[in-house]
1. Could you list all residues from the range 27-54 that are in contact with a Pro (Cβ under 8 Å, 6 or more places away or on another chain) and either under 22 Å from residue 97 (Cβ atoms) or assigned to a helix (DSSP H, G or I) (or both)?
2. Among the residues of the range 184-201, count how many are closer than 18 Å to residue 69 by Cα and under 18 Å from the mean Cα position of the chain (by Cα).
3. Only residues that are of a type in the set (D, E, K, R) and touching a helix residue (DSSP H, G or I) at 6+ places or on another chain (Cβ under 7 Å): list them for the range 91-149, please.
4. Tell me which residues, restricted to the range 157-183, are aliphatic (A, V, I, L, M) and within 18 Å of the chain's Cα centre (by Cα).
5. Testing residue 65 on (1) assigned to a strand (DSSP E or B); (2) without any contact (Cβ under 8 Å) to a residue 60 or more places away in the chain, one condition comes back false. Which one is that?
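Just so it is clear, none of the values below were taken in a lab; they were calculated from the coordinates. Not measured: the values here are computed from a predicted model. Here the Cβ is made from the backbone with ideal geometry for all residues, glycine too, and neighbour counts use every protein chain on show.
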Amino acid sequence: MATDILSGATNHFNFKELPNSRIILSEECFIRLSGDINLCAFSGNKELEYGTFLYGKEIEPNIIYFDIPSEFDNYTPSYREFDVNTPEMLAEKEMNVNGNKYDCIAHIHTHPYIGGTCRFFSNQDLRTIKTLQLNHQPNDGRKKFFFGGLLTVSPENVFDNDEISFVFYDDSIDDWYKITNISVFINGQEIPFTKMGNRPTMQLDDRHTRK
């Protein structure tokens with residue numbers, strides 16, 4: 001994406017698909033994200049945002065398995081932004097940036113349904129992801145990869161129609177990608193999310209769970 005991201009929102013569904021990409025969530029990650037989007041949908045203040053970090057590894061080229069969410073969820077939800085405002089969550093992120101266990105980190109947050117461009121990443125969201133990728137790297141030459149995740153409440157507050165999105169900033173070519181092939185690993189099988197058009201929803205494809 002050649003244009004500078006300064007204000008407003010960007011339709012990330014216009015980004016190129018990351019080639020041969022897939023994001024797989026553990027059941028624990030799926031439960032955390034489901035809880036965050038429900039908090040966003042049914043909280044008293046519909047403009048608060050919730051979120052977490054996910055930690056994982058690239059198991060094959062461009063195929064990422066996110067194993068665990070942040071251990072901490074004691075931050076204070078913020079008005080129209082996900083502000084990581086607890087030292088515990090920040091310390092955990094720095095430990096995983098500098099450690100060897102995980103090479104992929106996702107910054108995930110919710111958007112309530114407030115019309116307009118709420119279904120897209122705000123440009124501040126994209127600046128945050130780009131900053132993480134450029135400035136939050138180990139000092140020993142290893143490289144970590146940061147992804148952005150967005151959970152958007154559906155207009156009718158029906159969980160199955162809530163949307164999940166992932167983007168990736170490739171700093172080697174200064175460009176953005178989307179990842180729309182998203183699944184959950186549950187009970188020994190990988191179950192994809194359904195899609196509405198090119199948008200993955202939080203509904204699992206039950207054709208993969210029928211006997």
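1. 28, 29, 32, 33, 39, 40, 41, 52, 53, 54
2. Total satisfying the criteria: 2.
3. The answer is 144, and nothing else.
4. Those that are aliphatic (A, V, I, L, M) and within 18 Å of the chain's Cα centre (by Cα): 164, 167, 179, 182.
5. In the conditions (1) assigned to a strand (DSSP E or B); (2) without any contact (Cβ under 8 Å) to a residue 60 or more places away in the chain, residue 65 misses (2) alone.
One line per residue, one yes/no per condition, for (1) surrounded by fewer than 16 Cβ atoms within 10 Å (Cβ to Cβ); (2) in contact with a Cys (Cβ under 9 Å, 6 or more places away or on another chain):
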site	(1), (2)
65	no, yes
68	no, yes
78	no, no
82	no, no
86	yes, no
90	yes, no
95	yes, no
98	yes, no
105	no, no
